[in-house]
Amino acid sequence: MWEWEILENECKNCTKCELHKSRLNVVIDRGNRNAGLMFIGEAPGATEDRVGKAFVGNAGKMLDLALTGLGIAEDDIYICNILKCRPPNNINPTKEQALMCMGYLMKQIELVKPDVIVLLGGVALKHLIDSSLGITRSRGSWTEFNEIPVMPTYHPAALLRDDSKKMDMWKDIKEAWKRTKNS
Ligand code: SF4
């Protein structure tokens, strides 16, 4: 437990990149810190910045809808982002920002010890696995990170713009869920 407290404290006091100047809240996570299924997105949006929790805006609602549809409970998942502070105007995280924030994500992965990681969107894929990869080609295919199976899929915000991606995202999450101990 104290390790989470140390991590939270470090994030809340972090001034490593310029995003600390404009944040309202540091957004660390949402969900069960012992879950088998871990989701990683790119960065907090406006609602997350205001509330201080990950994936509580419209994209989060899309994700929750998928989870409910697949019979996956809130307690079965853990969600966080590459960045802990909101980039103004929701611009994509820069390589430098992602690098500076990466240590916190590494600690989260180490503490949660997930069975499976689902990467939500191309930004998470590029920063965690390979900067040359794109989400359209990579989604639905297993890769790995530090020996943890990784399933890339669309960011739920993409579903808000293009409903046809919904079935693919649901399918990818279902595949990932099947590889967790709780499924
Ligand atoms: S985004 Fe990450 S590295 Fe930048 S200030 Fe926030 S916690 Fe620190």
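Quick check: is even one residue across region 76-87 part of a helix (DSSP H, G or I) and surrounded by fewer than 16 Cβ atoms within 10 Å (Cβ to Cβ)? Break it down into steps so the answer makes sense when it comes.
Initially, region 76-87 is screened for residues part of a helix (DSSP H, G or I), giving 76.
Then keep just the ones that are surrounded by fewer than 16 Cβ atoms within 10 Å (Cβ to Cβ); that gives none.
Looking through region 76-87, none of the residues is part of a helix (DSSP H, G or I) and surrounded by fewer than 16 Cβ atoms within 10 Å (Cβ to Cβ).
Every residue in region 135-183 that is in a loop (DSSP other than H, G, I, E, B) and not charged (D, E, K, R), please. Spell out how you get there, then give the answer.
Initially, region 135-183 is screened for residues in a loop (DSSP other than H, G, I, E, B), giving 139-142, 146-147, 154-155, 162, 179-183.
Of everything in region 135-183, those that are in a loop (DSSP other than H, G, I, E, B) and not charged (D, E, K, R) turn out to be 140, 141, 142, 146, 154, 155, 180, 182, 183.
Residues in region 83-100 that are more than 9 Å from the ligand (Cβ to nearest atom) and under 17 Å from residue 55 (Cα atoms): 88, 89, 90, 91, 92. If you go through region 107-129 and pick out every residue that is under 17 Å from residue 180 (Cα atoms) and basic (Lys, Arg), you end up with 1.
Which one of these is of a type outside the set (A, V, I, L, M), part of a helix (DSSP H, G or I) and within 16 Å of the ligand (Cβ to nearest atom): 103, 60? Give the steps one after another, and end with the answer.
Numbers: 60 fails: within 16 Å of the ligand (Cβ to nearest atom).
When all the criteria are applied, what remains is 103.
Summed over region 106-132, residues that are more than 13 Å from the chain's Cα centre (by Cα), over 20 Å from residue 77 (Cα atoms) and within 16 Å of the ligand (Cβ to nearest atom) total 0.
Restricting the first member to region 1-28 and to residues that are more than 18 Å from residue 45 (Cα to Cα), and the second to residues that are part of a loop (DSSP other than H, G, I, E, B) and more than 10 Å from the ligand (Cβ to nearest atom), the beta-carbon pairs closer than 8 Å and six or more apart or on different chains are 4/33.
Please determine, by comparing only the residues of region 159-183 that are of a type in the set (A, V, I, L, M) and modelled with pLDDT under 95, which one is surrounded by the most Cβ atoms within 10 Å (Cβ to Cβ).
Looking only at region 159-183, we keep the residues that are of a type in the set (A, V, I, L, M), and these are 159-160, 167, 169, 173, 176.
Checking the rest, the ones that are also modelled with pLDDT under 95 come to 159-160.
Numbers: 159: 22, 160: 13.
Once the filter is applied, the top-ranked residue is 159.
Determine whether residue 27 is within 13 Å of the ligand (Cβ to nearest atom), among the β-branched types (Val, Ile, Thr) and closer than 22 Å to residue 156 by Cβ. Yes; evaluated as a whole, the condition is true for this residue.
For every residue, the table says whether it meets (1) part of a strand (DSSP E or B); (2) of a type in the set (Lys, Arg); (3) more than 11 Å from the ligand (Cβ to nearest atom).
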site: 6; (1), (2), (3): no, no, yes
site: 15; (1), (2), (3): no, no, no
site: 33; (1), (2), (3): no, yes, yes
site: 55; (1), (2), (3): no, no, yes
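When region 35-44 is filtered for residues that are more than 8 Å from the ligand (Cβ to nearest atom), part of a loop (DSSP other than H, G, I, E, B) and aliphatic (A, V, I, L, M), only 35 remains.
The values are calculated or read from the model by the stated rules, or taken from the named source; none is laboratory data. What you see is a predicted model, and the numbers here were worked out from it, not measured in a lab. Note that each Cβ is placed from the backbone with ideal geometry, even for glycine, and that neighbours are counted across all protein chains shown.
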